[in-house]
Amino acid sequence: MKFDTAYSLTLDEKLSIYDVRELNFDETADFDSDREPFLCPNDACRAAFDGGNVLSTFNAKNVNYLRTPHFKNKPGTRHIKGCRYASDHKTATGESDDEREDNFPSEFVLTRRQYLRKSPAISADASPSPEPASVAENRTQTSHHNNDTAPDKTSVFAHPVECYVSNIDDKDKLKAMPLKIGEHTATYWAFFKKIEYLQDNKGLIYWGRIKAIKDYISSFRIDFEKKVWFDKKPYSVNVYLSKKLIDSYRKRTAFLEQIKAAAGSQRPLYCFFYGVTPELKQVPSKQNPEQTFGVFSANIENLDHLIIREAPGIE
Ligand SMILES: [Zn+2]
């Protein structure tokens with residue numbers, strides 16, 4: 001049984017596995033999913049057992065993964081009768097549903113979710129309220145789900161990307177599932193755009209197979225295999241990741257591990273990004289600096305909105 005969400009005892013919140021991955025890789029957060037208790041997201045079910053009735057995680061700490069990350073039952077995890085997360089509560093597709101992400105968030109939120117640990121200092125506070133207003137306010141965004149369904153929004157880019165990649169064989173589904181980003185609403189199918197068609201529309205999630213990753217030690221350039229045609233001429237496409245961007249990234253270690261492995265990998269890898277659209281620029285030629293040539297290029301502005309990964313079956 002694959003869980004779309006789980007209740008985190010220490011954060012007093014329901015988290016997706018993508019939230020958990022965020023926290024694991026975040027160097028500013030004291031969080032290790034192997035040491036954190038995750039419980040059944042069904043409120044009635046969770047209330048029936050003590051805090052030791054925990055779930056386990058799959059692909060929560062693997063920087064590069066192929067199979068969809070998720071929560072799952074441990075051999076001894078118990079559920080109340082009728083809980084949809086009980087192992088004997090099989091779905092029509094059975095175990096094979098582990099192979100795809102079927103919780104499609106309807107909105108990709110561009111500002112990062114705040115994860116607040118349930119502070120033990122609260123009980124020592126002289127405040128007569130059991131829950132100080134500031135904590136309650138911060139929680140309203142994410143803890144108003146009174147049922148056991150997964151949160152409908154995500155701020156983790158990997159989540160919509162996993163929905164797209166793992167369901168690429170089901171185009172009807174991708175064309176039916178709605179996705180909102182910023183002010184725009186479209187379907188998953190319409191929001192993901194092959195890099196060679198980037199001139200069709202701005203503000204989409206562009207993706208393409210990586211031709212090469214240029215490692216300049218503290219900065220990187222990702223070159224795409226496919227070219228963009230403009231005025232009947234083909235142009236290379238790339239995105240640039242600056243040293244400043246990487247150095248200030250809170251998931252810097254995990255990111256460097258991933259991109260360095262990708263740069264030396266022989267396997268087909270794909271880059272997905274949101275937030276910038278490569279535009280035609282003139283850059284000086286290496287052989288003859290007097291001359292320039294055209295390339296479609298963009299500077300990535302937010303590493304949270306860029307992913308390098310394998311994507312079997314996507315082409
Ligand atoms: Zn349960």
### Message
Out of the residues in the range 39-87 meeting the condition of being within 14 Å of the ligand (Cβ to nearest atom) and basic (K, R), tell me which one is nearest to T253 (Cα to Cα).
### Response
K72
## Note on the structure
Among E13, E27, E36, E101, the single one that is farther than 28 Å from L179 by Cα, in contact (Cβ under 8 Å) with a residue 40 or more places away in the chain and away from the ligand (no atom under 16 Å from the Cβ) is E27
### Task
Inspect the range 244-251 for any residue being without any contact (Cβ under 8 Å) to a residue 60 or more places away in the chain, assigned to a strand (DSSP E or B) and among the polar types (S, T, N, Q) and give the result as yes or no.
no
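Yes or no, residue by residue, for (1) at pLDDT 90 or above; (2) over 14 Å from K2 (Cα atoms):
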| position | (1), (2) |
| --- | --- |
| L55 | yes, no |
| H70 | yes, no |
| G76 | yes, yes |
| K81 | yes, yes |
| A92 | no, no |
| S106 | yes, yes |
| S119 | no, yes |
### Message
Just the residues that are touching a residue at least 24 places away in the same chain (Cβ under 8 Å) and assigned to a helix (DSSP H, G or I), please, taken from the range 157-183.
### Response
A158, H159, P160, V161, E162, C163, Y164, V165, S166
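The values are calculated or read from the model by the stated rules, or taken from the named source; none is laboratory data. Everything numeric in this text was worked out from a predicted model, so none of it was measured. Neighbour counts are summed over all protein chains in view; Cβ atoms, including those assigned to glycine, are modelled from backbone coordinates with ideal geometry.
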